[in-house]
Each structure stands twice: as C-alpha cells, then as structure tokens.
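Data block below; observations after.
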Amino acid sequence: MQIPPALRYTKTHEWIFPDEHEAMVGITAHAQEELRDVVYVELPPLGKQVNQGEPVAVVESVKAAFDIYAPVSGTIVKTNAAVTQSPQVVNKDCYGEGWLFAIQPSRPSEVNTLMTADAYTKLITSEQPS
Amino acid sequence: MSELIFEKSVPGRRGYRLPAHDGPQRPLRDLLPAEHLRRQPPRLPEASELDVVRHYTRLSQRNFSVDTHFYPLGSCTMKYNPKLNDRIASWSRFADMHPLHPASCAQGLLRLLYELEQLLCEITGMHAFTLQPAAGAQGELTGLKMVRAYHRAKRQDRSTILIPDSAHGTNPASASLSGFQVMELKSNAHGLIDLAELRGRLSNDVAALMLTNPNTLGLFERDILAITALCHEHGALVYMDGANMNALLGLAKPGDMGVDLLQLNLHKTFSTPHGGGGPGAGPVGVSRSLEPFLPVPRVRKTGKRFVWDERGRRSIGRVHAFYGNVGVLVRAYIYIRTLGREGLERTGRAAILNANYLKARLADVFPVPFAGRCLHEFVVSLTPLKACGVTAWDVAKRLLDYGFYAPTVYFPLVVDEAFMIEPTETESRETLEAFANALRGIAQEARTNPELLRRAPHQLPVNRVDDVKAAREPNVRWTPSQVPVSNTSG
Amino acid sequence: MDYTPHTDADIQDMLQTIGVGSPEDLLAEIPQEVRCRSLNVPAGLSETEVLTLCEQLAASNRSMHEFASFLGFGAAHHAIPTIVDALSARGEWLTPYTPYQAEASQGTLQMIYEFQTMICELMGMEVANASLYDGASALAEAATLALRVTGRRRLLIGETVHPHYRQVVSTYVSGFPCVVQELPAASGVADLEALSAALNDDVAAVILQQPNVFGCLEPMEQAVAAAHQVGALGVASVSPISLGLLQPPGAYGADIATAEGRSLGSPVAYGGPGLGLLTTTQALLRKIPGRIAGCTVDQSGRRSFTLTLQTREQHIRREKATSNVCTNEGWLCLRATIFLSFLGPEGFRELAQLNAQKAHELHSRLVELGFMKPLFDQPFFHEFAMRCLNDHTVEEINRKLLRQGLIGGLPIGRWYPHHPDASLWCATETIAQTDIDRLIDALKRL
C-alpha cells in the first residue's frame, strides 16, 4: 500500500503535507480502501478556524460516514471542489487529485506530533485483523 | 415492468368520480381570492381504475413479505400478522372516529385503550403506560424526555446517557435529540454489559443507562438485578429498549428487574403488520415515580365512564397530534386478548425454541461469537467466507434467490460480518430446516463458485442494485423529462 | 389460542437437536429471581369470541358514517375509494418491513419513489422523504432541521398553528438550546408587523400553517419573504386536500413544507396512524430526516430502486444522525399513492373544490341563523370559526345536536381562552346537503 514518505499521518487516517501556508490534507490509501466507494464529501467553509483533532469534514460511502479531523490547528484556506463534484476521485487518487482541503497552520510545531510514514505503516500493520 | 405510474398516464383519462355538489353552486372566485389560487395543477397520473389496480397489484408482486416468504430480519420480529386483527381494525366504529368525538360516542374505543394500558402494565410489570408514541424510536424519545424531566424536578442536571456498544442506532440518536451526551459502554467477552465498566462510568452526571434486554445479540443480561441496583445507587435511571420483548412474553417482566422506563414496539412483539416500513406504535411504560411526567392526555376511568384527561403539570407534553396510532393499538389489543396468558407464554417460549434450534443447525458452519444460550434471536459471523472473497452482503443477496428474505446484516456492530437472525415463533420447523439448508448450501457455493454469490441475486425482478450510483447521483423523484432506462431485459 | 405451529413431537425433536433435555433448560440464562410468577391476563379467546368482544366494544362507539360530523381540527373525515382498501389489504403490501434488501422490495421502493414524486408535485417542492409519523412530528422535525442547518437559536411560530402541533414542536426542541416565540394574530392570521419586529439574525425559521387552525388563509408569501430577508427559513404546515385549489408552498418560496397526509386515502382512526409529509428544497436534501427512496440501475442497467442517502440516518450515523426516526408510515404512503393516482389532477382539483363549496354553504347557512357570527373576516378553505351570540354555550348546543345524530363544531376556548364563545366548523365532501339542512333545522329549534 502506498504511504508517501513526504507526508505526516494521524491515527484517524488523515495525511497532511507539511507547509507553512497551505498544508494540504486528505485521507490515506488505507482509509480509502476501508471506505470502498466514496459517494459524498462534505467540506468545511473557507476561512473556518479549526483546532487540531476537531472534526471538520465528512467522507461518506453508501453505508458509512467518516469524520475527517483536522491534523493541525489553523485556518481553512482552500477546499477541493473536484471531490464534491466527483467523490470517486478520492478512491482514484487519494494523495493527489483527491485531496480534501488545505490549512494554514496557526501552530506549525503541531505537525511534529503527527506520525511519520514509518510510524503510520506500523500502525496499520498492527490494525490488520490476524 | 418497472414502468412508473406516471409513464402509463394518458392525458384526459379518469378514474375516480366524485359526486356533484348537491347544494347551491358558487363560482370559484366567490370562494377564494385569486392570489391564493393555485396556478398550475400538480402533475398527477391520469389513469383508469383498472390501470391503477393492475399497476399496484403487479408492483406488490415484486415484494417479499411475511405472507409470502420467511423473513428472519433480526430485531424486527417479523411474525405472522393475524388477518382477524386487520379486519376488526377496519370496522367503521373503530376507523371512522374523530379524535375529538364526544367521549360519549367513543366509550368502546376509550375502554379498549384503557384496557390495553392495563394489559401492557401487567405483561411488563410497569406501573403506568402511555400509548401516544407512534413508533419505537418516538417511544425512546418520549422516555428520555421523561428522564430529563425527572432529574430536573429533583434539581439535578445530569447530561449523560450510557449506551452499550451493541445497541440499536436509534438509542444514541434519541439520546442526542433529547439533549443528552452519549457515552458508550464496551460489551464484555460474553457480549453483555460489563459490571466493572459500568461502575467506572457511573457518576452524578449520568442520567440513565439505556439497555436492551435481551440485547441485540439475543443474550439475556444475567446481571440485570445488579446492573439496575448499581445505577439506582448512583441516582441514575434504567431505560430498557423493549424492541426484543418477544423473548420475555409470559416469562419475565422488566418491572421486576428494576427497569424504570421502557418502550414496546407493538409492530414487533404484538404482531401488528409492518406495512412496508410502518406504521408502528411505541407505547412507553414507567415505574410509579415517573408517572407524573407521562405525556398528556391520559385516558382515565371515572366510575363506569372513560374520559381523556389533559391535565399534567409535570408532563413532558405531547409527542403526537392526538393519542398515537390507534389503528395499530386496536390490533395489538386484539392480539393480546386472543393469546391470553397461556398464549403469551407459549409465544415467548416458541420464539426462544425456534432461535435456539436454528442456531444449533447453523453452529457448525458459521461461528457464533458469543457462547451464551440465546433467547429469541442470535448473531453468527460470516468471517469464514472472507477467505473466498465473499461478504455477508453477498450471502444476504444469494438467500433472496432461495426465496428467503435476508437477516439483518452488519449489525450489531460488535460482530464482524454479522448476520442477525430472528426466526420468530410463528415459523414451523420445516421452514427453519429449509432456511438452514439454504444457508449451508450457500456456504458451499462460496467455496465452489464465489462469483455466483458476488453477482447475486439472479432470480429476482432485478439483479444487484447499484447503491453507489444512487448515492452519488441522487434521483429521488420523477420528472417528465426523465428518459426511462431500458427495461427490455426484464 | 396462539399462532405457534409446533406439535409436541416437533418440540421434542427440536430440543434434542439443540441438545437440551427440557424447554425449561432454554431459559437457564434468565435468573430465577426475575422469572414471571404470575400473569394476570384473561385467558385466550377463539376467533368467534374475539369478534363478539369487539362487537361489544364497537357497540358503544358512533362513527362519522352514523353521525354527521362537522369536526375538522386536522382530522376531518374524507371519503376513501374502494380500491385503496382493496389493494392495500394485500399481504405483499401489508406484511413486509423497511425495504433494506432492495432486490426483494422493488414494489415498496418504486411505490415510495412514486409517492415522493406525487408529494413533491402537490407541494410544489423539490424533495420529499418517505414520510414521518404524523403532521405534528413532521413539523417538529422541520423545526429541528431549521435549527440544525442555520445554526441559529430562535423559532417564530404562529399562534394560529394547530395548538397540538405547537405542543409537539416544543416537546421535540426542549433538548435544544433554543427559544420558541409565538407570533400574535389579531385578525385570525399572523400579524406581519409583529413578525417584522420579531425577526433578527438569530431566527432559524418562521413557521406558519396554511390554512391555519382557524381555517383562515395566512399571508404566506409575505411571511416567507420576510423570513428570507434575515436569512431564516420559511416553514409551512399545509392541508394536502386544499392544494387542489390553493397555492402550493413551493409557489410562495417555502424552504420546508410539512403536512398531515392521512386525508389522502386513510381513515381518521381516532387520530392515528397519521402520515407525516416532509418536503424541502433541493439544497436541504442531505440534511432531512427519514428514509428516502432513490432511482438507480441494477447490474444489467435496468431501472431499479433503493433506499438512499442512508448515512443521514440513525442506523449508520447513530448520535450524529439527522433524526432518531426509523419507522415511517409506509402503508399510509401506499394508500396516498393509490388515492392520488386514482383521482388524477382533475379529480384532485374537483375534490378540493367540493370541500370549499360545502364549507361555504355551511358558513352562509350558519350566518343566516342570526345568532352565529364569523369570528374572523378572512377567506377560508373547508373550515372556519364562528362565535355563538345567543345565550347558549357552544357545549350546550353540541349536547343538543348530539341527541339528533349531529356532531357540532369544536369549541376552541380550551386552547384560545380569549375566544370562549367560538367554535370551529368544517365540511368536507362527506357532508351532504341534507346533513346541513338537518343541522340548521336543529339549531333553529334550540
């Protein structure tokens, strides 16, 4: 499974691209596979102030709805209209075209509390049913 | 055949004929001012009587139902619905009654409702009942509003409801809608409430524990007396979701277990027809200390007469425009009077016998995750089929080909690939046997021909429905410009 | 008697398969302390005995077929075409449950899709769900929906909205941090100046009923426009039959329109079951409560139907669901769908017109009596309020009428103490000219 090394990860399966101005956020390949067919994405309004760990978006399949938590605190500065129009983009390219929103971090050091690709790999391996 | 009634419409065709106005005619402009008048008529179908009869008769034949198929939908108690009850409920002197009819013209109905309350009190061991909630979930809401009112009256502000992780989704939803926070209780290794976990969660912020007994795994909470005592020690009430009351009929009374409030689902336990989704009825029973908070109005007996009583200073108010789903209540009353005390107990016992029999017939094929003796339903896990690339959903679809409605799938959430099976007491041993054989056959097919299951059903009017398309591109009403999808292969 | 099929031999064989010795062993998990010691329920009855019992109960009821009833108040008597009873009695309609397995429930699902379409057409709205419990809880769900989508905390509701509906709304929203403010109505309809004064940017919705509880027609267009000016939603509770003649909520810009739909082919049944109709604009589709059927295709591309947008609902979203509602009123949806198909647009308009004709005839005959006077001078559809100016109370008059097989107008002093001498009168297509003649004669002879 793809887990790009340049990104940081949360226990709730979001990824974030560390950046001072526009840290892009999406869901991981693992989350996308668990969800199966994404049918709807609800994104936060631009300018919304969010705190680390707060639910800010929702990604839905036919039979499940997953809250997406802000990996870091900050302001929502961009949202990806492509995923609201064609939610399947999240399945096709979760680390690229299927990004969800971008945050301008207010506490840049928070990113250091997140997992590296190695740590995240270990997490999902341990979560696999034996 | 899936042509819509709108597509069969022919401009100018008529069905029903109304009588002509038999009084003096007034022109429309004398009746209503022009600014209030509708400018475009609704685009309803234009059809003859036979068009309508044939359309809805044929559509009905595209349904599975209790009358036509075994319907082992867990937690829904899809038992036989006696025809007698439908017949009596349709009598004009029950059906054509205005809710504000003078009480003197409704004494028979009022007596029936009063006696039904008494019967439900006796069956459940509760002190008083309201018949007003229109369904189980509205009963939960009513109960939880009463929990809030009870604590408020004691000048206590308790904001948390404890709910086991195996609970029906309506429980946490009702708690939120009543303004409570939900705290989930993890089930123990036996699938039951963990006393230590409960003790740890109880505090003076907990308003109530909301449990289901037997729970959604079909297991009786053996420690129920300790559970209710522990809650009461902490000043918390115990709300019981009575959706699974069928298992306890004539065998045990929630009131004797220390339960403070419960709702019954009359469309489950008391055999009123499910109607393709409703109407149901969700009466709520309470202990003596909660009676003042019941919704108004209440039916009272004064001497030999029955009347409505609108008073209730501490009542939570109304939850229904009138007195609840009376048409459903009439059926439940008849059902209870038909069964009587022996019939109720035989019903409870037979429901348990059928569930245990079916479980025994399946236990060697599918693991039963919690070992205890089940009551009216049980849950098996279909994880062994994962290795063949087959899911519980595929098995559910394949069962339809065998002429069985599917059990409840993927619930409760505490079991992976769950299949929740509730046969009910009205099914014969032969039917259970045929169902067990079908499931065993399907397990075999999963190994030999998994693709058959993944593409199932094959024998129904339509094959696997595309739920993803339905959710991505919602089409929830027809419009005349809509092009019909080709139906030739049907 | 009971409905279990087991013979003694069945029970023995089944116990053996289970691996227990006696039926009692199956109950081992229920502690002895809570086992039922007595059950004081009468002995069971045969079918014949049940019929006798129920005939005795029915004997002390009088139906609206026997007594001409002028009661409305959201539960007026309407005729039910025979085919509605005949078709809806089929077990294939009456005995399935929620169509979770779409492929085995195409009948119910297609019917709900047709129902949703017809209800949208009646209401002039874009989206309808598969029904809620009754008109009152549909309005309460509309109120919580408005609070949720606007994030605001104030509801303005006309005092001319059915008092029971207002009570249900306040029970439902009692768990929310919000204020319900009643809008005064001096002349029988909402006071638009008072409405403007009450509107601010914390108002989630303006809620009015059309026609209102007094039967009067509200200035819906102005009220909804005023609500929109401050970003609040316009919510209407309407009478479905009236929509054969009256402007539908979509035409005056309502964001949410609800109704009690029982009048579309189902009996009054002493007030329940009802049929809660809930319709909205497209913008609210993913926020509404209750089940929704959608049109899709199967694997072969054939049109098929399924429950959709289920992530809104309690069985998936649990405490974050848009509502706790699970059961709908599916069987009454069916009856409404058959009813509307059978009437068609022309029949539906004629039905509404017949109701208006009957009520206006009743109104003018009552006025001619001299001692009855309209409480308000407002246009009405099939119900209106009258004051009684002679020395009889409304209750006394009704007692006298009852002796002649007539159920008179509903006294409203209980809900509106400032109108102690007023009563509500309703006439539908079920009232014959001879019923009105009989009523007027009886009133003359008071």
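Rule-based calculations on the coordinates, nothing more; no lab input. Note that the structure is predicted; figures quoted are calculated from it, not measured. In this analysis, Cβ positions are derived from the backbone assuming ideal geometry, glycine residues included, and neighbour counts consider all displayed protein chains.
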Gaussian network model of chain C, springs between alpha carbon atoms under 10 Å - residue of C:ILE11, C:ILE80, C:ILE397 with greatest fluctuation: C:ILE11
Spin-label model distance (nm) - A:THR12 vs A:THR121, 7 Å beyond Cα toward Cβ: 2.6 nm
Among A:ASN112, A:ASN91, A:ASN51, residue whose mean-square fluctuation peaks in a GNM of chain A (springs only between Cα atoms under 10 Å): A:ASN112
Alpha carbon convex hull of segment C:8-56, volume per residue in cubic angstrom: 127 Å³
Kirkwood hydrodynamic radius of chain B, from inverse mean 1/r over distinct Cα pairs, in Å: 25.2 Å
Translational D in µm²/s for the protein assembly as shown (Stokes-Einstein at 37 °C, 0.692 mPa s, Kirkwood Rh from C-alpha pairs): 109 µm²/s
B:HIS458-C:SER22 FRET efficiency (beta carbon distance; Förster radius 56 Å; 0.05 resolution): 0.80
Inter-chain Cβ neighbour average for residues B:131-142, partner chain, 10 Å: 5
Summed residue charge, Cβ within 11 Å of B:ASP96's Cβ, Lys/Arg positive, Asp/Glu negative: +1
Phi to ³J(HN,Hα) by Karplus 6.51 cos²θ - 1.76 cosθ + 1.60 over segment B:220-227, Hz, x for Gly, Pro: 7, 6, 4, 8, 3, 5, 5, 5
If the convex hull is drawn through the Cα atoms of segment A:19-113, its volume per residue in Å³: 86 Å³
Rounded Å value of the spacing that divides the Cα centres of segment C:403-446 and segment B:144-163: 44 Å
Loop sites in segment C:3-71: chymotrypsin sites (Phe, Trp or Tyr not before Pro), DSSP, at most 15 other Cβ within 10 Å: none
Vicinal HN-Hα couplings computed from phi for segment C:230-246 (Karplus, 6.51 cos²θ - 1.76 cosθ + 1.60; Hz; Gly/Pro x): 9, x, 8, 8, x, 10, 10, 10, 10, 9, x, 4, 5, 6, x, 10, 8
C-alpha long axis of helix C:163-173 to longest principal axis of chain C, angle in °: 50 degrees
Where labels lie 7 Å past Cα in the beta-carbon direction, separation of B:LEU50 and B:LYS304 in nm: 5.6 nm
Calculated diffusion of chain C, Stokes-Einstein form, Kirkwood radius summed over Cα pairs, 4 °C and 1.567 mPa s, µm²/s: 53 µm²/s
Between helix C:394-403 and chain C: long-axis angle, C-alpha atoms, 0 to 90°, nearest 10: 60 degrees
Rg ratio (alpha-carbon, reference 2.2 N^0.38 Å) - segment C:74-171: 1.37
Which of A:THR12, B:THR130, C:THR296, B:THR479 has the fewest Cβ neighbours within 10 Å, and the rest in rising order: B:THR479, A:THR12, C:THR296, B:THR130
Farthest toward positive dipole pole in chain C [+1 Lys/Arg, -1 Asp/Glu at C-beta], among C:LEU278, C:PRO42, C:MET14: C:LEU278
Listed peptides A:19-26, C:211-218 by packing density, highest first (mean Cβ within 10 Å): C:211-218, A:19-26
Per-residue HN-Hα couplings for segment B:80-92 [Karplus 6.51, -1.76, 1.60; θ = phi - 60°; Hz; x = Gly/Pro]: 4, 9, x, 5, 4, 5, 5, 4, 5, 4, 8, 4, 4
Amide H within-cut-off set for A:ILE68, under 5 Å, with H built and near neighbours excluded: A:VAL56, A:ALA57, A:VAL58, A:VAL59
Nonlocal amide H pairs with C:VAL238, under 5 Å, H built at 1.01 Å: C:GLN210, C:THR258, C:ALA259, C:GLU260
Binned Cα-Cα distance frequencies in segment C:165-224 - 5 Å width, integer %: 4, 16, 27, 24, 19, 9, 1
Lysines whose Cα lies under 28 Å from that of B:LYS359, excluding same-chain neighbours fewer than 8 positions away: A:LYS63, B:LYS79, B:LYS186, B:LYS253, B:LYS268, B:LYS386, B:LYS397
Qualifying trypsin sites (Lys or Arg not before Pro) in segment C:1-100, DSSP loop, other Cβ atoms within 10 Å at most 13: C:ARG37
Translational diffusion coefficient (Stokes-Einstein; Kirkwood radius from C-alpha pairs) of segment B:85-339 at 25 °C, 0.890 mPa s, in µm²/s: 133 µm²/s
Label-reachable residues, segment B:327-349, where backbone N falls under 13 Å from a point 7 Å from C:ALA43's Cα toward its Cβ: B:340-343
Residue mean of other protein chain beta carbons inside 10 Å, C:361-367: 2
Whole-number Å³ per residue for the convex hull built on Cα positions in segment B:236-315: 151 Å³
P(r) weight above 22 Å for segment B:347-465, C-alpha pairs, percent: 30 percent
Test item: B:19-31 mean partner chain Cβ contacts at 10 Å: 5
Per-selection Kirkwood Rh - segment C:1-156 (Cα, Å, 1 d.p.): 22.9 Å
Chain B - share of DSSP beta bridges that are antiparallel (%, nearest 5): 50 percent
Alpha-carbon centroid distance for the pair segment C:219-262 / segment C:378-394, whole angstrom: 26 Å
For segment A:19-113, size of Cβ-based charge dipole, Lys and Arg +1, Asp and Glu -1, in debye: 140 debye
Within a Gaussian network of chain C (alpha carbon springs, distance under 10 Å), most fluctuating of C:PRO417, C:PRO81, C:PRO267: C:PRO417
Projected label distance in nm at C:ALA89 and C:ASN200, using a 7 Å step from Cα toward the beta-carbon: 5.9 nm
Structure-based [θ]222 nm, chain C - -39500 (n - 2.57) summed over DSSP H runs of at least 4, per residue, nearest 500: -11500 deg cm²/dmol
Under-20-angstrom lysine pairs by C-alpha in chain C, whenever the two are 8 or more apart or on separate chains: 6
Long-range HN-HN contacts of B:LEU73 with modeled amide H, under 5 Å: B:MET78, B:GLU422
